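The values are calculated or read from the model by the stated rules, or taken from the named source; none is laboratory data. In this text, all values refer to a predicted model and were calculated from it rather than measured experimentally. Cβ sites come from the backbone with ideal geometry, for glycine too, and all protein chains shown count toward neighbours.
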Ligand SMILES: [Zn+2]
Ligand SMILES: [Zn+2]
């Protein structure tokens, strides 16, 4: 048996004893989970009212790293003892979008940790196609950030950063911080971050050496013009409702990536600015096949996303971890299984 937090719906969790899952289907893989990061999605699932759907009765969590314990008969790509990370969206392969190769837009997908049992558990049963082998040379805590990093790798495939570019990221939470790490790795000349939380701005300034800007202390547009003389080659909205600020900070002809998800916000858009200044405004959702590149990036050691982990908690303190992330006094919180 294993003691796991079960999502009850309406923002609630309860700890229950569940049997360790067993191989049922030929493509099942049983994982021993080492660690699983708390994601903004988990915060949204547990919010009241919920800002993300999840099925009551399941184990949530999708940013897991673990080791293969057992495999179904048809499994070929992983074997017991392999260290693996998880791509949690299980697309259908049959809908019109899957058939066009746009499977991040699949209209009939399942997700590990929202529609079926996830990784806030000592063991998880996952289909083979969700798993990617990752070298033991990658630090465990870097591997734990594979899934959020893959979303950023996928987004930047849509608007690449060139050496020397001025990059501005609005929102210095975990996702914004991963964008900043990748911007440096791409050779950005300057990385600017803005956030309303002083803790986060201090963190990214100290940890990543970015230029922090506090929107309540300075006019962002003026500050960005003073720093760059021209505006930013790339602006990322990692918040989800900052489109007008983002287009104001971009240089003429620049790229804007809209990455944050705020389904209930609907800001009016300054369309004239987009047209007059030839802006490329790109929506980017989870990325299209970013997983192999993300593994290669982590295995290269060129970036160390573990630097944004500020807290490590046991499974019994999941709710405390969620509260910490909500408070803005933590960056990434990692649940580490005993
Ligand atoms: Zn996530
Ligand atoms: Zn599909």
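Remarks
- The lone exception for residue 216 - which of (1) more than 24 Å from the chain's Cα centre (by Cα); (2) within 30 Å of residue 327 (Cα to Cα); (3) in contact (Cβ under 8 Å) with a residue 40 or more places away in the chain it fails: (3)
- Test result for residue 115, without any contact (Cβ under 8 Å) to a residue 24 or more places away in the chain and away from ligand 1 (no atom under 14 Å from the Cβ): no
- Here residue 120 meets the list (1) outside any helix (DSSP H, G or I); (2) in contact with a strand residue (DSSP E or B) (Cβ under 8 Å, 6 or more places away or on another chain); (3) over 30 Å from residue 58 (Cβ atoms) almost entirely, failing just condition (3).
- Some residue of the stretch 130-138 being outside any loop (DSSP other than H, G, I, E, B) and either within 16 Å of ligand 2 (Cβ to nearest atom) or at pLDDT below 95 (or both): yes
A quick yes/no check of all residues on (1) within 16 Å of ligand 1 (Cβ to nearest atom); (2) under 29 Å from residue 337 (Cα atoms); (3) surrounded by 17 or more Cβ atoms within 10 Å (Cβ to Cβ):
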{"residue": "72", "(1), (2), (3)": "no, yes, no"}
{"residue": "78", "(1), (2), (3)": "no, yes, yes"}
{"residue": "111", "(1), (2), (3)": "yes, yes, yes"}
{"residue": "120", "(1), (2), (3)": "yes, yes, yes"}
{"residue": "126", "(1), (2), (3)": "yes, yes, yes"}
{"residue": "141", "(1), (2), (3)": "yes, yes, yes"}
{"residue": "161", "(1), (2), (3)": "no, no, yes"}
{"residue": "165", "(1), (2), (3)": "no, no, yes"}
{"residue": "170", "(1), (2), (3)": "no, no, yes"}
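- Listing of helices (runs of 4 or more DSSP H) fully contained in the stretch 215-282 that carry 1 or more residues being within 11 Å of residue 168 (Cα to Cα): 220-228, 243-249
- Of the residues 35, 51, the single one that is touching a helix residue (DSSP H, G or I) at 6+ places or on another chain (Cβ under 7 Å), within 16 Å of ligand 1 (Cβ to nearest atom), over 26 Å from residue 142 (Cα atoms) and in the same structural domain as residue 143 (by TED's automatic domain parsing) is 51.
- Residue count for the stretch 44-75, restricted to those that are in a loop (DSSP other than H, G, I, E, B) and either free of Cβ contacts under 8 Å to residues at least 12 places away in the same chain or over 13 Å from residue 131 (Cα atoms) (or both): 19
- Criterion violated by residue 256 - all others in (1) in contact with a helix residue (DSSP H, G or I) (Cβ under 6 Å, 6 or more places away or on another chain); (2) assigned by TED's automatic domain parsing to the domain that holds residue 201; (3) at pLDDT below 95 satisfied: (3)
- When residues of the stretch 80-103 are limited to those that are free of Cβ contacts under 8 Å to residues at least 60 places away in the same chain and within 16 Å of ligand 1 (Cβ to nearest atom), the one nearest to residue 35 (Cα to Cα): 88
- Residue match in the stretch 51-71 (condition: at pLDDT 95 or above and within 16 Å of ligand 2 (Cβ to nearest atom)): no
- Residue selected from the stretch 186-199 under the condition under 28 Å from residue 300 (Cβ atoms) and touching a helix residue (DSSP H, G or I) at 6+ places or on another chain (Cβ under 8 Å), by the criterion surrounded by the most Cβ atoms within 10 Å (Cβ to Cβ): 193
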